[in-house]
Protein chains: 2
Amino acid sequence: MKGLGELERTIMDILWARSAPLTAREVGRLIEDRDLAPTTVMTVLDRLSRKGFLNRTRDGRAWRYQPAASRDAYVAELMLEALDLTGDRDAALTRFAQAVSGSEAEILRRALTELEDH
Amino acid sequence: MKGLGELERTIMDILWARSAPLTAREVGRLIEDRDLAPTTVMTVLDRLSRKGFLNRTRDGRAWRYQPAASRDAYVAELMLEALDLTGDRDAALTRFAQAVSGSEAEILRRALTELEDH
DNA sequence: CCTACCTCTCTACGGTGCGTAGTACTACTA
DNA sequence: TAGTAGTACTACGCACCGTAGAGAGGTAGG
């Protein structure tokens, strides 16, 4: 895949948080703190869709951008990618299981149990 | 943390694979395919120790480099970092659990069960 | 109809990280 | 004493990213 930059992630977060696809202008309005030029937002949106993180569709003259995958899917994929870096997946998974906090271990346990049931 | 580059990862892999700390020369000899200048290897080793991935100790004039953490710990940390990117950790964990293959789900299950027992 | 404005695409600049390596200096060894 | 090994410092090119301006082409209001 590829990691995202700071601004790229901010923008993805905004788009992940909405269900409806947004235009560049709308995204720009939702980034309050930073005073970015409109073209900056457009450039980043363009790069993100080039990289496959966003899909865009026409709406009059403007594009509407929408995440290509859910944030959870993205995060899960990043985790799997990290896992691929090791030679010993079992050891890494064991480590990981030990590292997650108690409540999260519970989540994992439940998800795995459901898997088993199917 | 930070991701590693291509050559950086190659070198970390070499060091992770040995138990004993190696000198730059020794590492260079273990990279067969690429014909790298000795200084290239030294530079990368230096950067890696600056970044905290390696510890080094003197051995005569030379440095001996050694991973600061195990590969599994590194991978587990990367996975946790990915997990931190999401707003909804539970959803991401559930996704992840569904994505790992059957045998790996088994590993995870076992590790989690052991956790529970303590 | 003209003007202001919106949006797009294209191009660009500066910073940073990384692969790659040269140079200059020091110290051991034959 | 000359070669070799090792170090520190410096540097170049490339790619990625934050940032944004320039120019072109529609659109809407006076």
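The values are calculated or read from the model by the stated rules, or taken from the named source; none is laboratory data. Given the structure is predicted, the values throughout are model-derived calculations rather than measurements. Every residue, glycine as well, gets a Cβ built from its backbone with ideal geometry; the counts of neighbours run over all protein chains shown. For accessibility, only protein heavy atoms count, side chains too; no ligands or nucleic acids. Shrake-Rupley method; radii C 1.70, N 1.55, O 1.52, S 1.80 Å.
Inter-copy label distances at A:L115, shortest first and taken from points set 7 Å along Cα to Cβ: 1.4 nm. Residue-wise HN-Hα couplings along the stretch A:94-106, as the Karplus relation 6.51 cos²θ - 1.76 cosθ + 1.60 with θ = phi - 60° gives them from phi, are 4, 4, 4, 4, 6, 7, 5, 6, x, 5, 6, 4, 5 Hz; Gly and Pro carry x. For the stretch B:6-67, the per residue solvent-accessible surface stands at 64 Å², with DNA, RNA and ligands left out and a 1.4 Å probe. Charged side chains reduced to their Cβ positions (Lys and Arg at +1, Asp and Glu at -1) give the stretch A:6-67 a dipole of some 360 debye around its Cα centre.
Look at the stretch B:65-72: the mean tally of other chain Cβ atoms within 10 Å of its residues' Cβ atoms is 3.
Kirkwood radius and radius of gyration were both taken over the C-alpha atoms of the stretch A:6-67, and their ratio Rg/Rh is 0.91. Phi angles of the stretch A:18-27 translate, via the Karplus equation with coefficients 6.51, -1.76, 1.60 and θ = phi - 60°, into HN-Hα couplings of 9, 8, 8, x, 10, 8, 4, 4, 5, 4 Hz per residue; Gly and Pro are given as x. Projecting label points 7 angstrom from Cα along Cα→Cβ for A:R34 and A:E81 puts them 1.9 nm apart. Once both labels are positioned 7 Å from their Cα atoms along Cα-to-Cβ, the gap between A:E114 and B:A17 label points is 4.0 nm.
Could you state, as a whole-number percent, how many of the C-alpha pairs of chain B are farther apart than 21 Å? The answer is 51 percent, as a whole percent. For chain A, the relative contact order is 20 percent, taking Cα pairs closer than 8 Å that sit 6 or more residues apart in sequence and dividing their mean separation by the residue count. With a simple spin-label model that places each label point 7 Å from the Cα along the Cα-to-Cβ direction, the separation between A:T43 and A:R9 comes to 2.1 nm. Proximity of backbone amide H atoms, modeled 1.01 Å from N, is registered between B:N55 and B:Q66, B:A68 at under 5 Å, excluding neighbours fewer than 5 places apart on the same chain.
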